[in-house]
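Read through the structure below, which is laid out as structure tokens, and then see the notes.
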Amino acid sequence: MPDRGGGPTGPRIRVGRPSRRVRTLLMTLGVLAVLAMAFTMFAGFWTDWLWYRSVKYSSVFTTTLWTKIGLFFVFGLLMAVAVGFNIWLAHRLRPPLSAMSMEQQSLDRYRMGIAPYKKWLLLGITALVGLIAGASASGQWRTWLMWVNGVPFGQEDPQFKLDVAFYAFDLPWYRFLLGFGFAAAILSLIAAALTHYLYGGLRVTSPGARATAAATGHLSVLIGIFVALKAVAYWLDRYGLAVKSSDFKATDNWTGLRYVDANAYLPAKTILFCIAVICALLFFSTIWRRTWQLPLIGFGLMVLSAILIGGLYPAIVQKFQVQPNEQAKEAPYVEKNLAATREAYGIDGTQVTEYSGTAATEDAGQLRDDVASTASIRIMDPNIISPTFQQLQQMRKYYAFPTNLDVDRYSADGREQDTVIGLRELNYAGIDKKNWINNHFRYTHGYGAVAAEGTSVDSEGRPVFTESDLPSKGQLGTYEQRIYYGEKTNTYSIVGGPQNEIDYSDDSGEKTYSYEGKSGVNLDNPMNRAAYAVALNEPQILYSGAIGEGSRILYNRTPKERVEAVAPWLTIDGDAYPAVVNHRIQWIVDAYTTTNGYPYASRTTLGDTTADSLTATNDQRAVVAQQNQVNYIRNSVKATVDAYTGEVRLYQWDTQDPVLKTWMKAFPDTVQPKSAISADLMAHLRYPQDLFKVQRELLTRYHVKDADTFLSGSEVWQVPDDPTNKSGDAVPPYYLSMKMPDQQEQAFSLTTTFTPNGRDNLSAFMAVDAEAGKSDYGKIRILKLPTSTTVNGPKQVQSQFNSEQDIAESIRLLRGGDSEVEYGNLLTVPLDGGLLYVEPVYVRGGGLQYPLLRKVLVSYGGNTAFEDTLDEALNKVFGAEGSTPPPDEDTGEDDGDTTTPPPTSDNPTVQEALNDAQKAFESGQEALKNGDWEAYGKAQADLEAALRRAEEAQSRAGGSGGTGNGATSSPSPAGSPSPTGSASPGSTPQSG
């Protein structure tokens, strides 16, 4: 044995093989490590299977899994066989090594070194390339399923007269096969060449023949296969011209053939195809001719042809035929692009109407009266008032509302009204004592919906709640209020076991609850517990006593996550919104089918197109994540997620969409028919914002229908930047109940504005009927303003607001002290030929940590007003008072009118208190005008005390001070809001 040590007389240390015990220990540790890795992989697979089974979409999991496995083994095996066979064949064709050259003698040691391991080396190489190829192929499962299940579009492209399905479903699969073939040919060629070189079939430095006849034939066949595949590529490139993108006339991602494509590239591709076929045959003929001369000549001709015919000739055509007369040459192809793009994005039915931009009615009183019938102007901005909901309705720190609330429609007193709604979801950041039990067992769900009228505020500028308190009560009726699935539930919870959950708290104390739903995965099984302990990296799941019989784990809890998981072939809208449907809270999620293979339709990038000033900072309404380009989109699926059970339902919305039909063939029984949508659910479905934003971006250029106008660029529009902030991002679209000039009544709509490219004046107003179930749902209307006159756009209107001296001074006073002014949504409403702009103004500060409505900005026909209420602002702008009573007249509300005098009373004590309240109110108004916030706060405290005395005196006398939906009690004057946050008696209580 070898030894180490000192000299002849020094100690000697024996170094030998490890002892048997050490070898056994190492082997045991190795086996355990392998088993641990295997169980980790199994845990991920097993938990996925359990989750899909729990949501009753196991067919999605199995179809996807078996498709990936099939593609992995088929293409992995094909690649391994191709490379392995060529290595084996090259070795079989090796020449005898009797006459060794110096070059071969230097390689001899390598041959001798691998000789004992030839079989294992061959297996290793083939297995490696097979694994890589199989993994790559498994990622093409969507391409395979679309190809094998493709449904015809019933429309032909204008150039080749092929069904659109060929480009959307077939061509991507053919391109994958072609790419795989190229990879197999190149890897086989490299492997065969190296083997021939190693065993003497190829020589680099030795004199004489450079390759044996066998090596020449073998490599020629492989090169011939490569060239034949190139011929196929040239042929497919002909069809690829119909879906090729390029920059054209300041239009990014122009798609389809242009003049140079149809008259230069197309014939060039055909000629190159023929040359490549001939060249491939020349390489194949080397098997018999045993010479490279003709194949190399053919290959050189092919390369030269690709340069001259495929590159130089089209450049000459573009330079000398197209550019001198581009308008006439390109017009026929532009018309094809216009028609295809409008069809692919669903904007072909857009109704464009000329609109004067100036009032056609001279009667100011008539104009003032027309406002109420034209639009239900929403002064509650859902993107501003979330902190107000939070302060007034949070109730506990472990509840929270989303950053941006949602707008929906609910019926009240027989009429439908725009409603701002949000859910009181669980807020993990608000849990006082954070530990594993509290985070995952005790605090598991939110509680209740909170809603407010979109067109009204109370006397203090706060929302008029139609659903409030805890538990929530109001106009939404009875419904399951517990929210286990929501936009803020981004961690797992374990429910239904021995550990009770915190339900909610009221005056009687804390209520507990145990989940009764069937959602989630049962943890009774020890294997399930072990799998989740590994998958979630949480060992306590394995042994915790808080988990027992009936325990279930809930995860993947946001609506977007759940819909994406059960329908991975859909693109999900960035804004899921809640609705009370059939006595349950349902999250409604819009989903899209897309493709980038619609011939002649220009492409767009969803992530960029759907970004605006809200998505940049919003933590809930995420931008569509996919940055891939598409040129066809349909809102084909409406999905719902039950906030209590997590049940996901997919409904077919677009019954004609061939892409959806294709996926429904691939995943049968996952999408329910449109007829399954209940009437209650239908009442809350709406036109999705992301689709609208994509369409409005395309309509900046594609609102024109003739090629000459498109090519001139004179009618290009842009989506204006949001004038209410300095983000520089696009203005978001707004939901609003209104009527366009050709409509007889108001419709729930999604609206936006356009300005000319590079300018700020208004060029068009766009609205789409957003109310599902109506005959005009999805109809896009554009009011196009004349180019000969200038009508103020959103930015100019905002500048006008800010530049008027009286308004600027009032805003300066509102900003006194530590107060902040926040501008709400700048709404645009077409009115009698003109454009009415309305913008609510909120103030946050003076002791308040949430915004309250203080003023309303209104502009029409160049006149502006900045008043306390919408009615006052409209009256000032039009110079006339409306004859229609305000919508809240029957409820005792006055839309925030701050000048209504207090009521009188026969009770002298009550009257004295009301007189004091009047004095305090007037003092507060005077302090507000002077910007003296200290005096204003004292006046508000005096006002509150006086109102409390009046209410107590009236109660003792047998009277009652009615309240309503967070409004001030009846003996209260319509006072100004208090910067100290004090509330009048009867107002909605503020949480601590």
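Could you tell me which residue of the range 716-745 is nearest to the chain's Cα centre (by Cα), considering only residues that are of a type in the set (S, T, N, Q), assigned to a loop (DSSP other than H, G, I, E, B) and more than 20 Å from residue 763 (Cα to Cα)?
727
Of the numbered conditions (1) touching a Leu at 6+ places or on another chain (Cβ under 8 Å); (2) at negative phi; (3) in a loop (DSSP other than H, G, I, E, B), residue 751 satisfies every one except a single condition; which is it?
Condition not satisfied by residue 751: (3).
Scan the range 319-350 residue by residue and report those that are surrounded by fewer than 18 Cβ atoms within 10 Å (Cβ to Cβ), part of a loop (DSSP other than H, G, I, E, B) and of a type outside the set (D, E, K, R).
Within the range 319-350, just 349 meets the criteria.
What about residue 400, is it touching a strand residue (DSSP E or B) at 6+ places or on another chain (Cβ under 8 Å), over 30 Å from residue 747 (Cβ atoms) and modelled with pLDDT of 90 or more? Spell out how you get there, then give the answer.
Values: touching a strand residue (DSSP E or B) at 6+ places or on another chain (Cβ under 8 Å): yes; over 30 Å from residue 747 (Cβ atoms): yes; modelled with pLDDT of 90 or more: yes.
So residue 400 passes the test.
Condition check ((1) under 21 Å from residue 65 (Cβ atoms); (2) part of a helix (DSSP H, G or I); (3) not basic (Lys, Arg)) across all residues:
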position	(1), (2), (3)
148	yes, yes, yes
152	no, no, yes
159	no, no, yes
169	no, yes, yes
181	no, yes, yes
192	no, yes, yes
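Return the only residue of 549, 516, 510 being over 29 Å from residue 640 (Cα atoms) and in a loop (DSSP other than H, G, I, E, B).
Answer to the check: 549.
Are there strands (runs of 3 or more DSSP E) fully within the range 351-438 with at least 2 residues that are touching a residue at least 60 places away in the same chain (Cβ under 8 Å) and either buried (at least 18 other Cβ atoms within 10 Å of the Cβ) or among the basic types (Lys, Arg) (or both)? List them. Outline the logic, then answer.
Working: elements: 351-354, 406-412, 415-423.
The qualifying strands (runs of 3 or more DSSP E) are 406-412, 415-423.
Do the conditions hold for residue 289, that is, is it assigned by TED's automatic domain parsing to the domain that holds residue 827, modelled with pLDDT under 90 and over 29 Å from the mean Cα position of the chain (by Cα)? Give the derivation first.
Working: assigned by TED's automatic domain parsing to the domain that holds residue 827: no; modelled with pLDDT under 90: yes; over 29 Å from the mean Cα position of the chain (by Cα): yes.
Criteria not met by residue 289.
Based on what the data block shows, is residue 819 out of contact with any Ser or Thr (no Cβ under 7 Å at 6 or more places or on another chain), at pLDDT below 85 and crowded, with 17+ Cβ neighbours inside 10 Å?
Taking the combined requirement at face value, the residue satisfies it.
Among the residues of the range 439-457, count how many are in a loop (DSSP other than H, G, I, E, B) and among the aromatic types (Phe, Trp, Tyr). Before the answer, list the steps.
Let us first name the residues in the range 439-457 that are in a loop (DSSP other than H, G, I, E, B), namely 443-445, 448.
Among the residues that remain, those that are also among the aromatic types (Phe, Trp, Tyr) are: 443.
Summing the residues that are in a loop (DSSP other than H, G, I, E, B) and among the aromatic types (Phe, Trp, Tyr) in the range 439-457 gives 1.
Any residue in the range 236-244 that is in contact (Cβ under 8 Å) with a residue 60 or more places away in the chain, closer than 26 Å to residue 604 by Cα and assigned to a loop (DSSP other than H, G, I, E, B)?
No, the conditions are met nowhere in the range 236-244.
Looking at 165, 185, which one is closer than 21 Å to residue 219 by Cβ, touching a Phe, Trp or Tyr at 6+ places or on another chain (Cβ under 7 Å) and assigned by TED's automatic domain parsing to the domain that holds residue 83?
Result of the check over 165, 185: 185.
Is it the case, given these coordinates, that residue 246 is surrounded by fewer than 16 Cβ atoms within 10 Å (Cβ to Cβ) and either in contact with a Leu (Cβ under 7 Å, 6 or more places away or on another chain) or polar (S, T, N, Q) (or both)? Before the answer, list the steps.
Numbers: surrounded by fewer than 16 Cβ atoms within 10 Å (Cβ to Cβ): yes; either in contact with a Leu (Cβ under 7 Å, 6 or more places away or on another chain) or polar (S, T, N, Q) (or both): yes.
Criteria met by residue 246.
Residues being in a strand (DSSP E or B) and touching a residue at least 60 places away in the same chain (Cβ under 8 Å): count how many of those fall in the range 854-868. If you could, list the steps in order and put the result at the bottom.
Initial filter on the range 854-868 (in a strand (DSSP E or B)): 854-860, 863-867.
If we keep only those that are touching a residue at least 60 places away in the same chain (Cβ under 8 Å) as well, we get 854, 856, 859-860, 864, 866.
So the count comes out to 6.
Condition test on residue 858, is it buried (at least 22 other Cβ atoms within 10 Å of the Cβ) and out of contact with any helix residue (DSSP H, G or I) (no Cβ under 8 Å at 6 or more places or on another chain)?
Details: buried (at least 22 other Cβ atoms within 10 Å of the Cβ): yes; out of contact with any helix residue (DSSP H, G or I) (no Cβ under 8 Å at 6 or more places or on another chain): no.
Spelling it out, it is not the case that residue 858 is buried (at least 22 other Cβ atoms within 10 Å of the Cβ) and out of contact with any helix residue (DSSP H, G or I) (no Cβ under 8 Å at 6 or more places or on another chain).
How many residues does the range 633-652 contain that are surrounded by fewer than 21 Cβ atoms within 10 Å (Cβ to Cβ) and part of a loop (DSSP other than H, G, I, E, B)?
Within the range 633-652, residues that are surrounded by fewer than 21 Cβ atoms within 10 Å (Cβ to Cβ) and part of a loop (DSSP other than H, G, I, E, B) number 3.
Any idea how many residues of the range 672-699 are outside the structural domain of residue 614 (by TED's automatic domain parsing) and more than 24 Å from residue 747 (Cβ to Cβ)?
Within the range 672-699, residues that are outside the structural domain of residue 614 (by TED's automatic domain parsing) and more than 24 Å from residue 747 (Cβ to Cβ) number 0.
The values are calculated or read from the model by the stated rules, or taken from the named source; none is laboratory data. Please read all numbers here as calculations on a predicted model, not as lab measurements. Every residue, glycine as well, gets a Cβ built from its backbone with ideal geometry; the counts of neighbours run over all protein chains shown.
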